[in-house]
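Worksheet for the structure shown next.
The values are calculated or read from the model by the stated rules, or taken from the named source; none is laboratory data. Note that this is a predicted model, so its numbers are computed, not measured. Here the Cβ is made from the backbone with ideal geometry for all residues, glycine too, and neighbour counts use every protein chain on show. For accessibility, only protein heavy atoms count, side chains too; no ligands or nucleic acids. Shrake-Rupley method; radii C 1.70, N 1.55, O 1.52, S 1.80 Å.
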Amino acid sequence: GSRPERRFDRPLHSRGIVSSVAEPMAIATRAAPGEVAGKPAGEAGGPEEKVGHSEALEGCSCSSVAALASCLVWPAICCLPLVLTLGGPLELGYQNVFPRAWYDEELVEPVRGEYGVADPRTVKPLGLTLGILAVAVGQVFMLAYHLLRRSSLLGFTQHIQPEAREYDYFEGLKSHLSQPEGFALIGSYLVGTWMLGWMPSSYYSFAGGINWVHVAAQLLLQDFFQYSMHMGEHKISAWIYRHSHKPHHRFTNPRLFDAFDGSLADTSAMIVVPFALVARLVHANVWSYMAFGSLYANWLVLIHSEFAHPWDPVFRRLGFGTAADHHVHHRLFVFNYGHLFMYWDRVLGTYKSPSELSGKYFNKEV
């Protein structure tokens, strides 16, 4: 019998990065010369059917380009440490940009006084400044990506949950940037630990470039400690949950701008405490710390998106956290305590796939 006609009108992210690229190739491979999908050679139909098939292939090709363009947000998130360590043809390496007196390549242990803190005047602030700037630059690219996605300028978009939350982009942006429990609290932690000399000496070193093994270790450990604190806030007592994490759970259908909208206690427990623990366990240099910080901060925002992302099918196969995975937690509360990775949930039996909610709480194939 004839093969069923292939459809190209599904949203981009329901096909995913791999299938959106592979589908046109599969058709070209399976169709003999003069054959239209669903019909054998010699029965291809009239000019209108051929034109329709051509338009479908063209549309699928455009979707593939849009998906690949969307994925460029990931290197863009890390662009500052990448540019300053690699240099490139414009010779923008940090050695060419900053005076040698502004940074140390050797390990330098901050001199701490009798109260266990260093004199901030003796600590070079360049690494701290670049780290905060790296996160800010990453946020610009991530927020631009979200604006393009919600405007359907980067392929098709589909809400994860059927009830779409309508809002003005700039209202959401203002809400995101004005959260004291997000940028103010975390920024205070970064400034304080750096300028008071509380970071391990390796973090003040500019030598060696980005060590991606260290970055991966930081991300995994940060997510493990965050998973543990997150489950603790839910499970230890109703009083702790009510005074820490419950404000964030008023969003059962979160939008991207809700990521840091919670409470000071919640951010302290789930982000700041894990930061301090990871710094003691992974002795990274300033560039690895910078890449970790930018990836972590922006990934944490992206998993709160109301839209599925083009990379979600690949991430799910790798065990990485997706926006739909996190929507499961916001919808049901008792599953998917992990954020960047689903490994801990799978090992400890707290994982629920978004596909199990498909058609009931979620749109199909997110």
>> Using the Cα centre of segment 219-262 as the reference point, and only Cβ charges (+1 on K/R, -1 on D/E), how large is the resulting charge dipole? Debye, rounded to the nearest 20.
In response: 200 debye
> Using the Karplus equation 6.51 cos²θ - 1.76 cosθ + 1.60 (θ = phi - 60°), what ³J(HN,Hα) coupling, rounded to whole Hz, does each residue of segment 319-333 give in order, writing x for Gly and Pro?
Replying inline: x, 7, x, 10, 4, 5, 4, 6, 5, 4, 5, 5, 7, 10, 6
> Toward the positive end of the charge dipole of segment 244-366, about the Cα centre and with charges on Cβ (Lys, Arg +1; Asp, Glu -1), which of PHE315, PRO354, HIS283 goes farthest?
Replying inline: PRO354
>> P(r) for segment 127-170, please, calculated from all Cα pair distances in 5 Å bins and given in %.
In response: 5, 19, 18, 21, 13, 10, 8, 5, 1
> Rg and Dmax of segment 91-161, Cα atoms, in Å?
Replying inline: 20.3, 60
> So for LEU256, LEU148, LEU154, LEU107, what's the accessible-area order with a 1.4 Å probe, most first?
Replying inline: LEU107, LEU148, LEU154, LEU256
> With respect to the cross-link table entries LYS246/LYS360; LYS174/LYS352; LYS246/LYS352; LYS235/LYS360; LYS124/LYS174, which display a Cα-Cα separation exceeding 29 Å?
Replying inline: LYS174/LYS352; LYS124/LYS174
>> What is the ratio of the Cα radius of gyration of segment 139-292 to 2.2 N^0.38 Å, with N the residue count, to two decimals?
In response: 1.19
> What size of dipole, in debye to the nearest 20, comes out for segment 221-366 about its Cα centre when the only charges are +1 on Lys and Arg C-beta atoms and -1 on Asp and Glu C-beta atoms?
Replying inline: 260 debye
> What list of ³J(HN,Hα) values in whole Hz, one per residue of segment 174-188 in order, does the Karplus curve 6.51 cos²θ - 1.76 cosθ + 1.60 (θ = phi - 60°) give from phi, with Gly and Pro shown as x?
Replying inline: 4, 4, 5, 7, 9, 7, x, 6, x, 6, 5, 5, 5, x, 5
>> As a test question: what accessible area, to the nearest 10 Å², does TRP194 have when a 1.4 Å probe is rolled over all protein chains in place?
In response: 10 Å²
>> Order VAL314, VAL111 by their accessible area, 1.4 angstrom probe, all chains in place, largest first.
In response: VAL111, VAL314
